[in-house]
Each structure stands twice: as C-alpha cells, then as structure tokens.
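See structure below.
The values are calculated or read from the model by the stated rules, or taken from the named source; none is laboratory data. From a predicted model like this one, the values you see are computed outputs, not experimental measurements. Here the Cβ is made from the backbone with ideal geometry for all residues, glycine too, and neighbour counts use every protein chain on show. These area figures cover heavy atoms from the full protein model, side chains too; ligands, DNA and RNA do not enter into them. Shrake-Rupley method; radii C 1.70, N 1.55, O 1.52, S 1.80 Å.
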Amino acid sequence: MRYRITLLLLLTLLLTKPEHLLAQESTDTIYNPTVLFNSMPRTYEIAGIRVTGAPNYDEKIVIGYSGLKEGERVTIPGKDITDAAKRLMRQGLFSQAQIKVEKTVGDKAWLELALRTQLRISEINYIGMKKGERNDIQERLQLRQGNQFTQNISNRATSIIKQYYSEKGFKNADVNITTREDLTHPNEVIVDIAVNKHAKVKVHKIYIDGNEVLSDNTLKKAMKKTHESGSWSGFLRSKKFVDQNYKDDKNRIIEKYNEKGYRDAKILSDSVVPYNEKSVDIFLTVEEGKKYYIKSIDWVGNTVFNTEQLDNILGIEPGAVYNQKLLEKRLREDDESVSNLYYNRGYLFYNLVPIEKTVVGDSIELELRMMEGEPARINNVIINGNDRLYEKVIRRELRVRPGELFSKDDLMRSYREIAQTGHFNPENMDIRPEPNEEDGTVDIVFNLESKANDKIEFSMGWGQTGVIGKLALTFTNFSIKNLFRPGNSRSVIPQGEGQTFSIAAQTNARYYQAYSVSFLDPWFGGKRPNSLQVSAYYSRQTGVNSSYYNSTWQNSYYNYGSYYNSYYNSDYYSNAYQNAYDPNKVLQMAGVTVGLGKRLKWPDDWFTFTAELSYNWYYLKNWEYLYYMNNGTSNAIVLGLTLQRNSIDNPLFTRSGSQFSLNLQLTPPASLFNPGKNWKKLSEENTTASKKELYRWIEYWKLRFKSRTYTPLLNADSQWTLVLMTRGDIGLLGSYNKYLKSPFETFYVGGDGMSGSYTYATETIALRGYENGQFTPWGYEGYAYTRFGMELHFPFMLQPTSTIYGLAFVEGGNAWSKVSDFQPFDLKRSAGVGVRIYLPMVGMMGIDWAYGFDKVFGTKGGSQFHFILGQEF
C-alpha cells in the first residue's frame, strides 16, 4: 500500500509542471510552428513582417498591399490572415500569395509574405499573319515586352484575335497561344501567337421567305455588306460573311420596308447554316405587315419658325407614304433639314421628337413636338495642336467667334477654311462643340494635327551639256515681317504668318537657264482677306545648230517634235550633243507681275476677284520654233482679271464642292495708237524687219474658263468614298487687229500638260491619250481649245505623310488655229486610268495610262503613258 502511494505521487510530479516551469516555456522561441486550422485559434501581436519571392517590388509597398501592420494583433489561424492574402492576390501582381508564421515568442509572431510574381513577357512572336495584320493585332492586344502574362490575358488575346479575323471573313481561324520559359531571363516567358486563318467564309446563298411586296433581289440589294457568291448584282462587293455586318444588314432590310411605308415589318426568324467548309447559307423569314400613309402633320411648340416655314422645309405632304427614312433625313440629316435650320440660328439645345399620335387603319397622324430652348452663344474657341502658325493666322480664317450665336454652317465653313490653308491634316481634324446648357453657351474646340506643307525640289547632275539641275523652294508659312526681326522667328526660316514665298532656279548649262521668285500674302494688311501677290521671272534658252540634224529630222521635229524618229548626221561633230549649242538661236523672256485679290460677299462669300498687272519682255534671235516671229524684241503690258469660286472641302483629296474660274487678260490695243501705220502691209511683207515692227508691242485678249465639280457617290462623311469629278475648260486667244495675231500665249495642246506649265511662251494644256503638242504642231499654233472630262477618284492612303488615290477617266478635247473655227463639241476622245501621290516636301505626282481613240493630223492617239508633276486646275 505504501509503495502504491509513492508511485502515484511520482507520476503526479512527472505529469504536473510547476508554475515557474510553465512561465519559462511561454517565453521560448518556436520556429516555423505548425498552424492547425482545426485547433483553437490564438491571438498574436505582429512583431515583424518579411517579404520573399518579389525581388522587384518595394517591401514596404507590398506589406501595405496586404493591410497588415507591425504591432497589430491578429488571430492565427483566422480571417485577418485570409483577408490579407486575398488583398495581395487582388493586386494582379502575383500568381501565388502565402502568409507563413516564421516564429513565435510568447504572444508575438513574425510573419513571412511568401509570394510568386506573375510571369512577364520577354518576347512575342507572331506566326501565320501578314505584316499589316500583325500591326493591327498588336494595336488591339496592347501586349508589350515586360508586361505580365496570365491565363486570363492569354484567353483575352485569343478572343480578340478570333474577332479580328472574323471581321475579315475568316470565321474558322484557329489561334494557338503558347509560352516558353526564357532561360536567359528568370521569371520571364517567350509568347508564341500562332494563327491559321483557313479560307474565308463566304455567303453561298440567301433564302428569303414571307416577302410578297418587295422581291428577293430588292431585299438582297438592301444588304450592303452581305452578298451571295457568284451574284452579278454584287460584283465588286465583298462576299465574305461577318457577324456584325450581317446584323447590320438585317436592320437594313427593316429600314427598306420602313422606307416603303411598312412600319410593322420584322424578321420572324433567321439562321446561318454551313454549306461547306468555306461558305454558309442564310435563311430569313420576314413579316411585311401593311402599308401606312401620313394622314396629318402637326407642329407643336414652335415659336421661332411658323408652321408654314417648317412645312416647306420638311417637304412631306399629308397623304404621302409613311417613309420613316425620308422623315428622319428631312428632320435631322439633310443639309437643309429642320434641325440645321434651328442650329444655324443658334438653337443648339433644340430638340424635336416625332410622335405617332394616332394610328387608325393604315393612316398615321404625326405630331412633331419642338423644344426650342434658348439660342446658344459661343463662349470660348479653343485651338489645340497648332505648332506652325501664329494663332491669329488661324483665328482670322474662322467663322465662329466668342460672343456670337452658334451656327452649324459657320462651324463647317471654319473647318473648310482651316483645311484650305494646307498646314493641317484634314483627315484627322476634330472639331467638337462642347455645349453648357446651364448657362446657354458652347465652347468650340478645334483639335488639329499639323503637317509639313513646304516643298523642296532639288536635282543635280552632269551631262554632255555641263551642269544640269534644278532647285526650287516653296515656303507656305513664310513671314516677311520676321525676315527683318530674326528674334521673332520660330526657325531659321522666318515663319508663322501663313504667307507663301517661292524661289526657283533651273539650268541645263548653256542651253537653258530659268529663275523665278514669288510672294503671296493672303491677308495683306492682316485685317481683311485681301491678297497681295508679287512675282518675277527670267529665262534664257538657246536653239540647236542646224548642222546637228539633217533635213529629215527637221521635218519630223517641226511636224511633231519627235526626237525618236530623227536621223543623225554621220560625222562626230554633228552627233556630239555638246557641239549642238548655237548661241545665235536665243529666246529670252522676263516679266514681273503685281496682283491684288479680294474675297467677295456677293453672290456669296465663296467668290474671289483678282486683278493683276504684268509686264512681259521677249527677245528672239533666229528663234525658228515660233511660227509668227523669229527675231526682234517684243513687249506686253497685260491686265488680268479673274473671278473665281472655290468651295472644295479638301485640296488634296476632294470629296465635295466645286471650282470655277473665269479669267480675262487684256493688253492695250497698241495698233490703235499708231493709226498711220499700214499693218496689213507689214503683215504681208513677211520679212524680219516687218515682223520686228509688227510685234514690237504685243496686243491680244485671252479668255479662259475652267470648272471642276466633285460629287461623292458613296457615303459623303466617310474617308473612303468614291468621288465623281467633272471638268470643263475653254480657252480663246484673240486679237483686236486681224493682222496682229499674237505669237505668244498660244495653247500647246495634247499629252500630260505638266499642270499648266509654259513652254516657248505658250500655255501647255493636257489631253491624255495623245502625244505632247499633237493638236498644235509647228505652223498650227493653238488659238482656241476645249477640254471636257469625267474622273472617278478613290483613296488608297490618307495620311499626313502622304496622300494616294487612284483614278479612272474619260475625256475629250480639241484645238483650233483660229478663234473663228472654234467648235467646242468637236472632240477627240480618250480614256484611261492613273494614280496620284502627294508627298509634303515634293507636291503632287502621278502617272496615267490613256488611250486616244481618234486621229489628229492623220495619226491616232493610241496607247500613251503620261507622267504628272504638280496639282492641276
């Protein structure tokens, strides 16, 4: 019994620890303690926090993301630690976040935030796509080197790429995105994006059921983007199947019915069924409903304009078919719509709601409810993106000014005037009214994108004749004021005022030199749109020695100017081109012009009137290339009057508007000042002395009319629209005295025209499909011409750095040696295609192929290539 009690006491002592031993244990350090989530939680004070696995992140910032703080008491395990881990994951920076207890000492705990950062992209490879497609996809994905890459990002990229190719008709495109570890960069991956587009999915057939009023063909034509393969009606139209285009075309079918008065028309069902791997069939079932008519139209709430005025603008009478498309156009969309009537009076906050008040049988009573509001005044006009011109130069072109009533017409005219300056990209011009209905004002914001508009032409070489070259500089943002104030200029060239300064020099060694300089200020004085233009030129050209060519070549040259049909003399002297120089055959010309122009207000402010006064001097010595005069000195004082109307929207690729120009040039009737001279006798003598006397002072009148119209054939508001351009030109060169036909200023008709250039004191007129000058060979100088034509223009590229568009044309024209023989509709016909390229530093260039259908002086025009330099009007 005694031993049993002793054993129990020993066991009790072994199993029961004294209090001082318990106190000693509570202060022991326990490393990496096991946390059991099914045991009783304990509360600890956070004594320290350490971050691991995120070397590229600031530790304090990461701890801040977790929401944990040193000194804070938390329950382990418990909601505090779980929420902290969730907060770290929500940052999207880590693929894994664990919170570990590194050690505990009593009720203090040291925590470790064990993280794994997201993988980052070191390289992206695009496989199976074209360069343009790759650029588009890169823009949509916005994946860059160094970006994180997760499964969600991969899924999003796959969806975006599939959608991109689906829009292009590749509905079966496969996208496979894989990653490879980049062994040279830890925690980074190489992303491979591989695409197999397969064939485009096209529409095989469209089956329509339930339609009786409108035929299948009518409804299929209403579908602008979804067309059957093999259908001639959809020739040149895309046959690919795109989901969004199909949805839009279903709406167009309903709009077509609404246009015919069938307001209740709807598509009961539709389905897209695979026909084979490359095409689908479309099945549509429609319900047309009945046709509705307008019984009456009532205006409610109108006070600015009376009902009669609004009825006239609307142009829809009671009893008409209920055409919802026409109603919408007349209310809001047309240039002369009801909405624009209010907008042009300043009623920017105006609102109109058409209500079908009653529908009885097939008749609808319309109520057009007006909420006119108060007219809005312009508060601020803000111009962004201008780094070329002084702001006053832009503002003087604007028709919208602070304090004035808002007008949509003035806003659109301001857009056109800015585009016409040529200093900003018209394709990216963003003009936004920002209304403030609270105070009844509106801010007008012009977001502009500057583009280079100056031109430099430089060429130089060495030929048999010596130095050959040309240097031409055109500065379109010149400032004559800053020329004398160098400190005010924005660059080495004095700029900022929007003036134009041009200087050019061209040489072909001793054979040809030409120099010109011109200055244009479109706002002379700076207060009104009155222009001042000053120009001067000088040129000297020598002829070819007669011994250089034999008579066979001369006959060919004089008749058609054909170099390629020539025959050369056999000896070296005659064939060496440098020996062809003949200083005894010379044509020199010089002149100066001063012009003043004014913008008119009548008939409208698209008109301008310009008056110019010129003095021209001609010196000829044995110059056998002009028919009427070969030797002597001639003078001409010319008064030029030009009435012009220009309303085009864009000078580079014009979509709408027109250009008309009527120019009359007059010299004093010198023969009337010498009534004692026998002009008939001088003319009949036909000697060098008589011609010198006859043409000492040149007298003539010259009348020219030019016109261009531009009509968009597709969506006028779209950049990519087909444009019809029509042309009509007439030129007449007459004389006061029938014995004094001017040897200068004649028309050289045929060929590329080189954009209205002058050659041998003649004006060059293009007529494609024929040789240069084919209509006016030597001895048949042109004193009258006509040219008519039509062109289709379509843009290929519209960027600040370049504008490219293609064209197809038909044209006809002719030339006459006497004004009395002028028959404007006796035309020689041609047709062809071409392309135009505009480069800011070079200007407009192009190449045309044309075929001339008719004979001129016994020779058919035939197939011709023409190179174009410069922009023609």
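Show the residue pairs meeting these rules: Cβ distance below 6 Å; 6+ apart or different chains; first residue within the range 210-232 and open to solvent by less than 60 Å² (accessible area, probe 1.4 Å); second residue among the aromatic types (Phe, Trp, Tyr) and modelled with pLDDT of 90 or more.
These pairs meet every condition: Thr226/Tyr246.
So, in the range 121-135, of the ones that are touching a residue at least 12 places away in the same chain (Cβ under 8 Å) and open to solvent by 70 Å² or more (accessible area, probe 1.4 Å), which residue ends up farthest from the chain's Cα centre (by Cα)?
Glu123
Regarding the range 773-780, can at least one residue be identified that is of a type outside the set (Phe, Trp, Tyr), surrounded by 15 or more Cβ atoms within 10 Å (Cβ to Cβ), modelled with pLDDT of 90 or more and in a strand (DSSP E or B)?
No: the range 773-780 contains no residue that is of a type outside the set (Phe, Trp, Tyr), surrounded by 15 or more Cβ atoms within 10 Å (Cβ to Cβ), modelled with pLDDT of 90 or more and in a strand (DSSP E or B).
Which one of the conditions (1) in a strand (DSSP E or B); (2) closer than 29 Å to Leu587 by Cα; (3) free of Cβ contacts under 8 Å to residues at least 60 places away in the same chain does Phe867 fail to meet, given that it meets all the rest?
That leaves (3) as the condition not met.
Which residues, counting only those in the range 275-312, are surrounded by fewer than 18 Cβ atoms within 10 Å (Cβ to Cβ) and of a type in the set (A, V, I, L, M)?
Val300, Val304
Considering each residue of the range 233-246, count those that are open to solvent by 20 Å² or more (accessible area, probe 1.4 Å), out of contact with any strand residue (DSSP E or B) (no Cβ under 6 Å at 6 or more places or on another chain) and either among the basic types (Lys, Arg) or modelled with pLDDT of 85 or more (or both), and give that number.
4
Suppose the filter is open to solvent by 20 Å² or more (accessible area, probe 1.4 Å), out of contact with any His (no Cβ under 9 Å at 6 or more places or on another chain) and either small (Gly, Ala, Ser) or without any contact (Cβ under 8 Å) to a residue 40 or more places away in the chain (or both); does Ile847 pass it? Lay out the reasoning, then the answer.
Details: open to solvent by 20 Å² or more (accessible area, probe 1.4 Å): yes; out of contact with any His (no Cβ under 9 Å at 6 or more places or on another chain): no; either small (Gly, Ala, Ser) or without any contact (Cβ under 8 Å) to a residue 40 or more places away in the chain (or both): yes.
No; evaluated as a whole, the condition is false for this residue.
Have a look at Ile355, Ile316 and point out the one that is in a loop (DSSP other than H, G, I, E, B) and among the β-branched types (Val, Ile, Thr). Don't jump to the end; show me each part of the working.
Details: Ile355 fails: in a loop (DSSP other than H, G, I, E, B).
Ile316 is the lone residue from the list that is in a loop (DSSP other than H, G, I, E, B) and among the β-branched types (Val, Ile, Thr).
Any residue in the range 744-759 that is open to solvent by less than 10 Å² (accessible area, probe 1.4 Å), farther than 23 Å from His866 by Cβ, modelled with pLDDT of 90 or more and not in a strand (DSSP E or B)?
There is at least one residue in the range 744-759 that is open to solvent by less than 10 Å² (accessible area, probe 1.4 Å), farther than 23 Å from His866 by Cβ, modelled with pLDDT of 90 or more and not in a strand (DSSP E or B).
Can you run down the residue pairs with Cβ atoms below 8 Å, 6 or more apart or on separate chains, where the first is in the range 506-529 and part of a loop (DSSP other than H, G, I, E, B) and the partner is among the hydrophobic types (A, V, I, L, M, F, W, C) and surrounded by fewer than 16 Cβ atoms within 10 Å (Cβ to Cβ)?
As it stands, the answer is Ala509/Val467; Phe524/Leu596, since those pairs meet every condition given.
Looking only at the range 109-137, count how many residues are of a type outside the set (Ser, Thr, Tyr) and within 14 Å of Ile177 (Cα to Cα). Break it down stepwise before answering.
Keep residues of the range 109-137 that are of a type outside the set (Ser, Thr, Tyr), which gives 109-116, 118-121, 123-125, 127-137.
When the remaining residues are screened for being within 14 Å of Ile177 (Cα to Cα), the result is 121, 123-125, 127-129, 137.
Qualifying residue count, the range 109-137: 8.
If we scan the range 277-292, do we find a residue that is touching a helix residue (DSSP H, G or I) at 6+ places or on another chain (Cβ under 8 Å), charged (D, E, K, R) and closer than 30 Å to Gly169 by Cα?
Taking every residue of the range 277-292 in turn, none turns out to be touching a helix residue (DSSP H, G or I) at 6+ places or on another chain (Cβ under 8 Å), charged (D, E, K, R) and closer than 30 Å to Gly169 by Cα.
Between a residue in the range 704-717 that is farther than 23 Å from Gly728 by Cβ and any residue that is open to solvent by 40 Å² or more (accessible area, probe 1.4 Å), which pairs come within a Cβ distance under 9 Å, given they are 6 or more apart or on different chains?
Once the first residue is farther than 23 Å from Gly728 by Cβ and sits in the range 704-717, its partners that are open to solvent by 40 Å² or more (accessible area, probe 1.4 Å) give Leu714/Trp720; Leu714/Leu722.
Name the pairs: first residue in the range 608-621 and within 24 Å of Trp523 (Cα to Cα) and surrounded by fewer than 17 Cβ atoms within 10 Å (Cβ to Cβ), second residue of a type in the set (A, V, I, L, M, F, W, C) and modelled with pLDDT of 95 or more, Cβ to Cβ under 7 Å, at least 6 apart or on different chains?
Sorted first by the residue in the range 608-621, then by its partner, the pairs are Phe609/Leu643; Ala611/Leu596; Ala611/Leu641; Leu613/Val594; Leu613/Leu639.
Taking Gln118 as meeting all but one of (1) among the polar types (S, T, N, Q); (2) open to solvent by 80 Å² or more (accessible area, probe 1.4 Å); (3) at negative phi; (4) modelled with pLDDT under 85, write down the number of the exception.
Here Gln118 clears every test but (2).
Hey, does the range 675-690 have a residue that's part of a loop (DSSP other than H, G, I, E, B), open to solvent by 50 Å² or more (accessible area, probe 1.4 Å) and either of a type in the set (D, E, K, R) or in contact with a Leu (Cβ under 6 Å, 6 or more places away or on another chain) (or both)?
Yes, because at least one residue in the range 675-690 is part of a loop (DSSP other than H, G, I, E, B), open to solvent by 50 Å² or more (accessible area, probe 1.4 Å) and either of a type in the set (D, E, K, R) or in contact with a Leu (Cβ under 6 Å, 6 or more places away or on another chain) (or both).
Could you please let me know if Ile394 is surrounded by 19 or more Cβ atoms within 10 Å (Cβ to Cβ) and either in contact with a strand residue (DSSP E or B) (Cβ under 6 Å, 6 or more places away or on another chain) or not in a strand (DSSP E or B) (or both)? Break it down stepwise before answering.
On the way: surrounded by 19 or more Cβ atoms within 10 Å (Cβ to Cβ): yes; either in contact with a strand residue (DSSP E or B) (Cβ under 6 Å, 6 or more places away or on another chain) or not in a strand (DSSP E or B) (or both): yes.
Criteria met by Ile394.
Suppose we keep only residues that are part of a loop (DSSP other than H, G, I, E, B) and surrounded by fewer than 16 Cβ atoms within 10 Å (Cβ to Cβ) within the range 818-836. Which one would you say is farthest from the chain's Cα centre (by Cα)?
Restricting to residues being part of a loop (DSSP other than H, G, I, E, B) and surrounded by fewer than 16 Cβ atoms within 10 Å (Cβ to Cβ), the top hit is Lys818.
Conditions (1) touching a Leu at 6+ places or on another chain (Cβ under 9 Å); (2) not in a loop (DSSP other than H, G, I, E, B), marked per residue:
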site	(1), (2)
Asp605	no, no
Leu613	yes, yes
Leu626	yes, no
Asn635	no, yes
Leu639	yes, yes
Leu652	yes, no
Gln659	no, yes
